Structures are given as structure tokens and as C-alpha cells.
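Working notes, beginning with the structure itself.
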Amino acid sequence: MEPRDSTDVLVVGGGVAGLTAATFTARAGLDTLVVNDGESILNRNAHLENVPGFPAGVNARLFGDLLREQADRNGVARETGRVLSVERAAADGARFVASVDADGTVETVRSRFVVAASWADADYLDELDVTIRDAGSKRYVDVDEAGRTSVEGVYAAGRISEQYHQAVVAAGHGAEVALTLVHDSDVAYYHDWVTPEGYFTDRGREVPPGCEEIDAAERERREAESREVMREFFADPHEEPQRTHPSLVDDELGRLDG
């Protein structure tokens, strides 16, 4: 992980909820960093068949690649590492400081906001006194109807906030929580919306914050780029093998060792 002093939004977890939340906060103009440790449970799916927009389903690992590509294109910074703790910062514009272990080197990241999207790890929130509910072997972060936790500036998205397992639910909740965060911030924001040229201005209105008007030529350029990117992603079968549940892998390794 590259040394990093501060960011507006620290997203802990690079699965469906975390990447979607990060894409929305970055598109709203907030400097956003995703720190991810390990593999998303998305990869345990053999084939996703209930995600809108994919009539015949989509390879789960390819879907994750698409989410990462979308985050990257919208300016999200992504790093590999494990967030060890998040504490309150002294001042200077940041409310929180996170300790991040990247290959044995511990770095600190200061941020104004934190989004927990790290199923099933919530231990790093303990020093903030975020309300966490223990449910057997699981720990869920309590949130209100919009994804806010008991600590101002800290949010939780996806399975860690006891949302349903489905990828589309995680994506939707990540987006909702991100928009809550944006509205809680000082960023001028109206709508994440790309409209035809003149949609606002021909009615004598200024283009609202977060919106963009594009002419026909720019629309055609973006559509052509979209088709080309999707052709590249879907040209060949995904090279990563199908995953299984980690406990089954551990059992198999145990039998081999024995």
C-alpha cells in the first residue's frame, strides 16, 4: 500500500457493497479510498442469475472485475490491506484515523468519513464505540434506515449491516449509503445524472451539481466506448476457477495433511 495521508472517504471492504458505495462517493467529488483484504464472498457464486441487466446471468468473478473497473474509471483509489483499527482523529479536517496493515507495514489513513463494508469483520470499529450486535458467530453493525451508525461520520453497507446476501441488494444498499454520506457532507449535490444537451439549460436552468449535459456526438462516443469495454470483458471465458466455501478448502487441506 502506498503511504497516504488523508482521504475524504475510507471504504473498508472491496466487495459489491463497498465498490458500489465508493463509485457513488467518488462521482460526487469526494476523494475515496477502498482498502480491501481477502476475497469477496461474491466469488463463491458459481453463476449470478438474478442481477438486473444480465438476462442469461453473468460469471461472478467477471461481475467483480466489472465493479472494480467502474470504480477505477470514476477515480476511486483501491489498495490491498487490512484495516486494524479506526479511531477518532485530533482535528485538522479529519475525524478519523485508520491503521492499515499492508504486507506487514502499518500505515495510517486519515478520513472525514468511514464506510464499513467488510463482511464479516467489524473488530476494527471497536475503539469507536460503534453499536455492534453479536449474533452467534456473526457481528452486525447497527444502522438507521439510511445506513448511518451510532457514530457520526461512520456508515455501514451490505451484509455487515445485516442486508440480504444477494449481490443486487448489496449494490443497492452500497449506493444508498453512499448517497446518505454525500448528503451529510458539504459537497454540493443534486443528482448523479447524465442528460441530453439542453435538458436543463434550454429551460433557463443551470445544470445542477452532480448532473451533466452532453450533446449527441458525446453520447455516441460514450456508447461506443461502453460497447468496446464490454466486448473486451466478455470476449473470453473468465480465467479464474470457481470458488467454494473456505471451510471446505480447509477440510480438504486437513485431509491432505493427514
Quick one: 3J(HN,Hα) in Hz for the stretch 214-230, Karplus 6.51/-1.76/1.60 with θ = phi - 60°, rounded, Gly and Pro as x. 10, 7, 4, 5, 5, 4, 5, 4, 5, 5, 5, 5, 4, 5, 5, 4, 5
With a 1.4 angstrom probe the carbon and sulfur portion of accessible area for the stretch 77-117, in percent, totals 42
Using unit Cβ charges (K, R positive; D, E negative) and no other charged atoms, how large, in debye to the nearest 20, is the dipole of the chain about its Cα centre? 420
Once every Cα of the stretch 194-234 carries one equal point scatterer and solvent is ignored, give the base-10 log of I(q)/I(0) from the Debye formula at q = 0.19, 0.25, 0.34 Å⁻¹, two decimals. -0.61, -0.80, -1.05
Taking the stretch 146-184, which GluC sites (Glu not before Pro) meet the DSSP loop condition and have no more than 10 other C-beta atoms within 10 Å? E152
Do any trypsin sites (Lys or Arg not before Pro) in the stretch 132-207 lie in a loop, going by DSSP, with at most 16 other beta-carbon atoms within 10 Å of their beta carbon, and if so which? R205
Ignoring any ligand, DNA or RNA, what whole percent of the accessible area of the stretch 194-234 comes from carbon and sulfur when the probe is 1.4 angstrom? 49
Report the FRET efficiency, 1/(1 + (r/R0)^6), for E220 and F54, where r is their Cβ-Cβ distance and R0 is 22 Å, rounded to 0.05. 0.35
Tell me, in nm to one decimal, what length is gained between C211 and V194 on full extension, where the rule is 0.36 nm per residue of separation less the Cα-Cα distance? 5.5 nm
Between V187 and D5, what's the calculated FRET efficiency when r is the beta-carbon distance and R0 is 22 Å? Round to 0.05. 0.65
Shape box of the chain [Cα atoms, principal axes, largest first, Å]: 72, 50, 35
Positive dipole terminus of the chain, leading residue within T195, L181, V11 (C-beta point charges): T195
Sort 111-121, 236-246, 69-79, 42-52 for me by packing, meaning the mean count of neighbouring Cβ atoms within 10 Å per residue, highest on top. 111-121, 69-79, 42-52, 236-246
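What are the GluC sites (Glu not before Pro) within the stretch 195-238 that DSSP puts in a loop, where the Cβ has at most 12 other Cβ atoms within 10 Å?
E206
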In nm, to one decimal, how far is the H238 label point from the V168 one, both placed 7 Å along Cα→Cβ? 1.8
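The values are calculated or read from the model by the stated rules, or taken from the named source; none is laboratory data. Predicted model only: the values in this text are computed from it and were never measured. Glycine also receives a Cβ, built like all others from the backbone with ideal geometry; neighbour counts cover every protein chain displayed. Side chains are part of the model used for accessible areas, which takes the heavy atoms of the whole protein and leaves out ligands, DNA and RNA. Shrake-Rupley method; radii C 1.70, N 1.55, O 1.52, S 1.80 Å.
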